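Take a look at the structure set out below.
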Amino acid sequence: MIYIKDLMSGIDIFKALSSEIRIQILELLAGSEELNLNELARRLKLSNGAITLHVKKLEESGLIEIRTAGGKHGLQKLCYLNKDKLMVDLKSKDADNLYEVEIQVGHYSDYKALPTCGLSTKDSIIGDFDDPRYFADPQRIHAEMIWLAEGFVEYRIPNYLKANHSFREIQLSLEIGSEAPGYNNHYPSDIYFSINGIELGCWTSPGDFGDVRGTFNPDWWPPHLNQYGMLKLIRINGEGSFIDGCRISDTTLRDIRLDYRSELTFRIAVTDGPVNKRGLTLFGRHFGNYGQHLLARVLYDVHEGEVQASAKPVETVAK
């Protein structure tokens with residue numbers, strides 16, 4: 001996901017989106033894993049020179065990326081989407097009142113894992129397939145893909161708020177899917193999310209996707225296993241809890257009772273309760289289609305009046 005937290009920082013992207021042809025290029029790339037320049041030119045009935053100029057604008061804005069690969073007639077340039085979601089925060093006056101951290105998927109603080117399960121770094125599998133003992137292996141902090149048929153993983157999110165700050169919204173972005181033996185594109189799984197033990201709600205993953213190779217998967221990753229997930233944005237604020245803008249519960253930040261001293265734990269779980277208990281898979285920066293770890297963003301309000309009040313010296317009365 002590309003997140004524009006103030007309008008001025010997004011000028012290059014807005015300029016790139018001002019062309020109908022460039023919008024059509026993005027639509028074509030959204031429906032394909034990647035396309036070369038000749039294919040884009042043919043579909044849009046443009047010259048190679050014209051399509052090159054438009055693609056350059058999109059690449060400079062960060063909306064697409066280009067890689068060079070060998071083809072039948074020499075080297076070719078392949079285009080693909082950099083991210084598939086664009087979020088713009090129109091409240092630029094609040095742009096400074098936030099912080100964000102990326103947490104590698106192997107940096108969980110607690111877990112329960114039942115087979116099929118496993119972990120992988122970008123270089124190799126950790127331990128053996130379907131052996132939950134390796135979830136405690138010290139090398140797990142380097143994992144960039146983890147999967148389990150039942151259980152949970154829990155992450156600690158740093159709380160950097162000060163005494164005069166209050167939580168306004170917590171956002172969590174992650175690439176996630178179901179967990180099937182091998183892969184199964186039609187394998188719904190009910191996945192639950194919670195903060196500090198308070199349930200935020202459930203999202204049903206449609207499947208464990210493996211029909212095409214994940215954009216960022218290392219070359220050695222087997223083609224018969226799952227390849228990518230779906231990028232989801234979880235938000236909790238004073239109005240409720242949401243996934244991709246759709247309400248999943250009425251749980252608000254007030255229900256969790258957070259302040260600057262609070263610990264923050266985020267749990268992702270597949271339990272005995274769901275109708276569709278078909279596991280979960282988390283993808284890090286070097287797996288899947290989105291090139292990111294678990295991204296946590298905290299938006300907060302600053303209460304200047306309270307700082308002044310607390311800083312005012314206390315007068316003493318002489319006896």
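Every read-out reported here was derived from the displayed coordinates using simple, explicitly stated rules and does not represent laboratory data. These numbers were taken from a predicted model, which means no experiment stands behind them. As a convention, Cβ positions derive from the backbone with ideal geometry for all residues, glycine included, and neighbour counts pool all protein chains shown.
Tabulated values for the structure
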| item | result |
| --- | --- |
| Modelled FRET efficiency - R0 25 Å, Arg261 with Lys112, Cβ distances, 0.05 increments | 0.35 |
| Among Cys246, Cys202, Cys117, residue whose mean-square fluctuation peaks in a GNM of the chain (springs only between Cα atoms under 10 Å) | Cys246 |
| Relative contact order computed over the chain (Cα-Cα under 8 Å; 6+ residues apart), in percent | 20 percent |
| Directionally averaged shadow of the chain, computed from the convex hull of its alpha-carbon atoms, nm² | 21.7 nm² |
| Calculated [θ] (222 nm, deg cm²/dmol) that DSSP helices of n ≥ 4 give over the chain, each run adding -39,500 (n - 2.57) | -4500 deg cm²/dmol |
| Pairwise FRET efficiency - Arg285 versus Asp137, Cβ, R0 = 25 Å, nearest 0.05 | 0.80 |
| Other-chain or far-sequence residues with amide H under 5 Å of Gly201's (modelled H) | Phe193 |
| Lys/Arg +1, Asp/Glu -1 at C-beta; the chain dipole; positive extreme among Leu46, Gly151, Leu282 | Leu46 |
| Charge tally in the Cβ shell below 10 Å around Gly118, where Lys, Arg are +1 and Asp, Glu are -1, Gly118 excluded | -4 |
| Gyration tensor (Cα) of the stretch 174-251, equivalent ellipsoid semi-axes in angstrom | 29, 12, 10 |
| Nearest-0.05 FRET efficiency for Asp211 and Glu20, computed from C-beta distance (R0 30 Å) | 0.45 |
| Sequence-distant aspartates and glutamates (8 or more away, or on other chains) whose Cα lies within less than 17 Å of Lys83 | Asp12, Glu27, Glu33, Glu34, Glu59, Glu60, Glu65, Glu102, Glu175, Asp244 |
| Set Lys122/Lys162; Lys85/Lys277; Lys15/Lys232; Lys45/Lys232 screened for pairs whose C-alpha atoms are more than 30 Å apart | Lys122/Lys162; Lys45/Lys232 |
| Unit charges on C-beta of K, R, D, E only; dipole of the chain, Debye | 720 debye |
